[in-house]
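Beneath this line is the structure, given in structure tokens, with notes to follow.
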Amino acid sequence: MWPEAAQQSLQLMLARVNSVLLGKEQVVARVFSALLAGGHVLLEDVPGVGKTLLVRAIARVIGGEFRRIQFTSDMQPADVVGGMVWDGKRGELVFRQGPLMANVVLADEINRTPPRTQSALLEAMEERSVSADGETRPLPLPFMLLATQNPLRDDGTYPLPEAQLDRFMMRLTIGYPAPEDEIGMLESGRQRLLPELLRPVIVPEEWMRMQKDAQSVHVHPALLAYAVHVVGATRTSPELQLGASPRATLDWIRASQATAYVAGRRYVVPDDLKHAAEPVLAHRLLLRDEAWVKGRSPGKVLEDILAASPVPMPASEGGRRR
């Protein structure tokens, strides 16, 4: 097991976020897995199910600086990364930091802004830095971007290009609450739904140590080969125009390591890979038109590939197959 203090802190963070977003323990655990793996998360769902609430709650328990960017159609790249402005007192141009200069950034309704502004996020997501006026500036560490978008009514929206979707480790949906959870939400009143009431559990430096621990989780070579086989199958599938990238393979393994870490294990089991497969891989797959006409979806194609791929069971785990 991992150090008791780290696991206690992680479980306390999960519990506090779950106290705000009722009945969504699996979604919360997946978001934490992605962030522990050093990735970014795209929350795609209908309005009013708690996407922004979830991000604000996570930012509170992790600590550090939180910024929210409400994307609109008239937003420019400088509004995101910052730029040079005139300082009257100093009599010179100085760099004004944009809202990306924070530990946890919420990119709300990211598909409402034009591609030029969306592209301002690419360097930040991959390189953890921003470039403005010919100078590259590092972002604070840790840096986590959580974006939201509404899949309904694409009027006035700009779909994220494949290159940007590939930089999100996971795409998740929250979904409507179960009836008993919605009743509990109504009974507790709005006061329970305020993430500002949550107290930070750790400081950013502790979160970075937890990320390092998650990256050290052992993955058996047989499971690495399994992941490469599944990703390769997406690249040769006749139903897919675009398969998963090598970045997707790396993200899948890292997400599986973080999933095991959240469960308190120092090693990855096949179920960790299965659990992370759909949220990590499906949004990176592009269907061919004929498959779309037949009612297929990237998630269904991936499900069939996983079902047809035998899962290895390392000998150290008893030689059984799942």
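Of the numbered conditions (1) under 23 Å from the mean Cα position of the chain (by Cα); (2) of a type outside the set (Ser, Thr, Tyr); (3) at positive phi, residue 212 satisfies every one except a single condition; which is it?
Of the numbered conditions (1) under 23 Å from the mean Cα position of the chain (by Cα); (2) of a type outside the set (Ser, Thr, Tyr); (3) at positive phi, the odd one out for residue 212 is (3).
What about residue 80, is it open to solvent by less than 60 Å² (accessible area, probe 1.4 Å), part of a helix (DSSP H, G or I) and either over 30 Å from residue 51 (Cβ atoms) or β-branched (Val, Ile, Thr) (or both)? Step through it out loud before you land on a result.
Details: open to solvent by less than 60 Å² (accessible area, probe 1.4 Å): yes; part of a helix (DSSP H, G or I): yes; either over 30 Å from residue 51 (Cβ atoms) or β-branched (Val, Ile, Thr) (or both): yes.
Yes: the conditions hold for residue 80.
If I filter the stretch 225-237 for residues that are in contact (Cβ under 8 Å) with a residue 60 or more places away in the chain, open to solvent by 60 Å² or more (accessible area, probe 1.4 Å) and over 19 Å from residue 309 (Cα atoms), do I get at least one hit?
No, there is no match, as no residue in the stretch 225-237 is in contact (Cβ under 8 Å) with a residue 60 or more places away in the chain, open to solvent by 60 Å² or more (accessible area, probe 1.4 Å) and over 19 Å from residue 309 (Cα atoms).
Can you name the residue in the stretch 263-306 that is surrounded by fewer than 19 Cβ atoms within 10 Å (Cβ to Cβ) and within 19 Å of the chain's Cα centre (by Cα) and, of all such residues, is farthest from residue 231 (Cα to Cα)?
263
Could you tell me whether the stretch 17-30 includes any residue that is acidic (Asp, Glu) and closer than 21 Å to residue 185 by Cα? Can you show your working first?
Keep residues of the stretch 17-30 that are acidic (Asp, Glu), which gives 25.
Add one more test, that the residue is closer than 21 Å to residue 185 by Cα, and what stays is 25.
Within the stretch 17-30, one or more residues are acidic (Asp, Glu) and closer than 21 Å to residue 185 by Cα.
Take the residues of the stretch 238-250 that are open to solvent by 10 Å² or more (accessible area, probe 1.4 Å) and touching a residue at least 24 places away in the same chain (Cβ under 8 Å): which is farthest from residue 8 (Cα to Cα)? So that I can check it myself, show each step before the final result.
Within the stretch 238-250, the first condition is being open to solvent by 10 Å² or more (accessible area, probe 1.4 Å), and the residues that meet it are 238-239, 241-243, 245-247, 249-250.
Within this subset, residues satisfying the condition of being touching a residue at least 24 places away in the same chain (Cβ under 8 Å) are 238-239, 241-243, 245, 247.
Working: 238: 47, 239: 45, 241: 44, 242: 41, 243: 39, 245: 35, 247: 31 Å.
Filtering the stretch 238-250 for residues that are open to solvent by 10 Å² or more (accessible area, probe 1.4 Å) and touching a residue at least 24 places away in the same chain (Cβ under 8 Å), the one farthest from residue 8 (Cα to Cα) comes out as 238.
Write out, first by first residue and then by second, each pair whose Cβ atoms fall under 8 Å of each other, whose residues are 6+ apart or on separate chains, and whose first residue, in the stretch 121-135, is within 16 Å of residue 102 (Cβ to Cβ) while the second is part of a helix (DSSP H, G or I) and charged (D, E, K, R).
129/123; 130/123
Considering only the stretch 158-200, state which residues are part of a loop (DSSP other than H, G, I, E, B), closer than 30 Å to residue 115 by Cβ and of a type in the set (A, V, I, L, M, F, W, C). Give the steps one after another, and end with the answer.
We begin by selecting, within the stretch 158-200, every residue part of a loop (DSSP other than H, G, I, E, B); these are 158-161, 166-169, 173-178, 189, 194, 198-200.
Cutting the leftovers down to closer than 30 Å to residue 115 by Cβ gives us 158-161, 166-169, 173-175.
Selection gives 160, 168, 169, 174.
What helices (runs of 4 or more DSSP H), lying completely within the stretch 1-73, carry at least 2 residues that are touching a residue at least 12 places away in the same chain (Cβ under 8 Å) and open to solvent by 50 Å² or more (accessible area, probe 1.4 Å)? I'd like the intermediate steps shown before the answer.
On the way: elements: 4-20, 25-36, 51-62.
In the stretch 1-73, 4-20, 51-62 are the helices (runs of 4 or more DSSP H) which contain 2 or more residues that are touching a residue at least 12 places away in the same chain (Cβ under 8 Å) and open to solvent by 50 Å² or more (accessible area, probe 1.4 Å).
The values are calculated or read from the model by the stated rules, or taken from the named source; none is laboratory data. Since the model is a prediction, treat every value here as computed from it, not as a measurement. Quick reminder, even Gly has a Cβ in these numbers, built from the backbone with ideal geometry, and neighbours come from all protein chains shown. The accessibility values were calculated without ligands, DNA or RNA, using every heavy atom of the protein model including side chains. Shrake-Rupley method; radii C 1.70, N 1.55, O 1.52, S 1.80 Å.
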